[in-house]
Amino acid sequence: MADGAEAVYIGIDVGGTNTAAGAADAEGRLIATVRRRTETSGGDALVRQLAEMVRELLAVRLPEAGFPQAADRGALRAVGVGIPGFLDTRRGLVRHAANLRLRDFPLADRLGGRLGVPVVLDNDVRMYAYGEATAGAAAGCGTALVVAVGTGLACAVVHRGRVWRGGGLAGEIGHVRVEGNRYACGCGRTGCLETLASAGGIVRQAQALMRRKRSVLAEWFPKRPTPEKTGWERPMTAADVARAADLGDAVAAGVFERAGRALGSALAVAVALLDPDAIVIGGGVSKAGERLLAPVRQALKERLHPLQAAKVNVTTARWPDDAGVIGSALAARARGEHPA
Ligand SMILES: [Zn+2]
């Protein structure tokens, strides 16, 4: 964060539920962070919230972390923002972000106007991939696929440290149809990969299966909670399914197996086309580790030429929770140091 010039660069990862803002140093290490529940009542309220988070970092968190000069006027040089949605990055416009209720909103101009610095806007998954490519598991790779498995599922192609954006929709593999999958997707179609390989997809499959097969998940999340089960009166998460799988629960293990295989099958063609050195799997669901990664590798092995399958390294993200903030901060730094 603080160079000789004491310049501050801040990254913000706006999620459909929670938003995190942080300042990172030149190596991508987070120095201070602020987290909030995302303001989803509209563009102006969101801009107000993001500006407040930046000011809290500058005035409170960074000085607490040993960087008092962050509070100085002019210390902040640029802000990067990752948004879950379709963007016009050149104009700094959010074209459509359903979770945030934004349509054709000039977020970069509005936030930049409030803070008095340039704001770099990009899709959240591309910011995440930039973080992993610059300071994480994809650093040093010629070509890498960075996959974020969280609330949704998306992928970004990184080549020589840059994120490929295509016409703006590059990497959106979440809505590729998987044969034999009948789950309805939020996009209005059925059978999308995202309905299997995402946090919601993992939970939905587990809930469907535990009604038919014996599973510890049915004990943890009974239909009618009894007095001694009060601790579990909250919705099931993908982390619960991972924990059940770790305890040897066949239903839970099967859910990750199916999700990983579906993901690996969808990635196989991308691997054949692009010949990446690595597939970096991040997002909250990636914390399941080998439960998810082993079936991805297996599916690749079954579908690719042995030379291709042997070459690609399937690994977890270095910063599963923070790569979005780190990538956004590093994108801001790149803009600040090399103005377009
Ligand atoms: Zn879909």
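The values are calculated or read from the model by the stated rules, or taken from the named source; none is laboratory data. Predicted model only: the values in this text are computed from it and were never measured. Counting neighbours? That spans all protein chains shown, and the Cβs are built from the backbone with ideal geometry, glycine included. Quick note on the areas: whole protein, heavy atoms, side chains included, nothing else; ligands and nucleic acids left out. Shrake-Rupley method; radii C 1.70, N 1.55, O 1.52, S 1.80 Å.
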Which of the numbered conditions does Gly283 fail, given that it passes all the others? Conditions: (1) among the small types (Gly, Ala, Ser); (2) buried (at least 16 other Cβ atoms within 10 Å of the Cβ); (3) at negative phi. (3)
Regarding Val157, is this residue in contact with a Leu (Cβ under 9 Å, 6 or more places away or on another chain), touching a residue at least 40 places away in the same chain (Cβ under 8 Å), more than 13 Å from the ligand (Cβ to nearest atom) and among the hydrophobic types (A, V, I, L, M, F, W, C)? yes
Do you know which residues across the range 161-184 are away from the ligand (no atom under 16 Å from the Cβ) and of a type outside the set (A, V, I, L, M, F, W, C)? Gly161, Arg162, Arg165, Gly166, Gly167, Gly168
Filter the range 74-97 for residues that are in contact (Cβ under 8 Å) with a residue 40 or more places away in the chain and of a type in the set (Gly, Ala, Ser) and give the result. Ala75, Ala78, Gly80, Gly82
Restricting the search to the range 286-308, which residues are touching a residue at least 12 places away in the same chain (Cβ under 8 Å) and open to solvent by 10 Å² or more (accessible area, probe 1.4 Å)? Lys287, Ala288, Gly289, Arg291, Ala294, Arg297, Gln298, Arg303, Leu304, His305, Gln308
Taking interchain pairs and intrachain pairs at least six residues apart, which have beta carbon atoms under 7 angstrom, with the first residue in the range 196-220 and on the phi > 0 side of the Ramachandran plot and the second at pLDDT 95 or above? none
Failed condition for Val149, given (1) under 30 Å from Gly327 (Cβ atoms); (2) modelled with pLDDT under 95: (2)
Scan the range 231-254 and give yes if some residue there is under 23 Å from Gly324 (Cα atoms), modelled with pLDDT of 95 or more and within 16 Å of the ligand (Cβ to nearest atom), otherwise no. no
Considering each residue of the range 9-58, count those that are under 17 Å from the mean Cα position of the chain (by Cα), open to solvent by 50 Å² or more (accessible area, probe 1.4 Å) and without any contact (Cβ under 8 Å) to a residue 40 or more places away in the chain, and give that number. 4
Residues being touching a helix residue (DSSP H, G or I) at 6+ places or on another chain (Cβ under 6 Å) and not in a strand (DSSP E or B): count how many of those fall in the range 181-202. 11
For Gly284: the one exception among (1) under 27 Å from Pro84 (Cα atoms); (2) more than 21 Å from the chain's Cα centre (by Cα); (3) of a type in the set (Gly, Ala, Ser): (2)
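Residue-wise test of (1) crowded, with 17+ Cβ neighbours inside 10 Å; (2) more than 15 Å from the ligand (Cβ to nearest atom); (3) within 23 Å of Ala288 (Cα to Cα).
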site: Gly186; (1), (2), (3): no, no, no
site: Arg189; (1), (2), (3): no, no, no
site: Ser198; (1), (2), (3): yes, no, yes
site: Gln205; (1), (2), (3): yes, yes, yes
site: Leu209; (1), (2), (3): yes, yes, yes
site: Ser215; (1), (2), (3): yes, yes, yes
site: Lys223; (1), (2), (3): no, yes, no
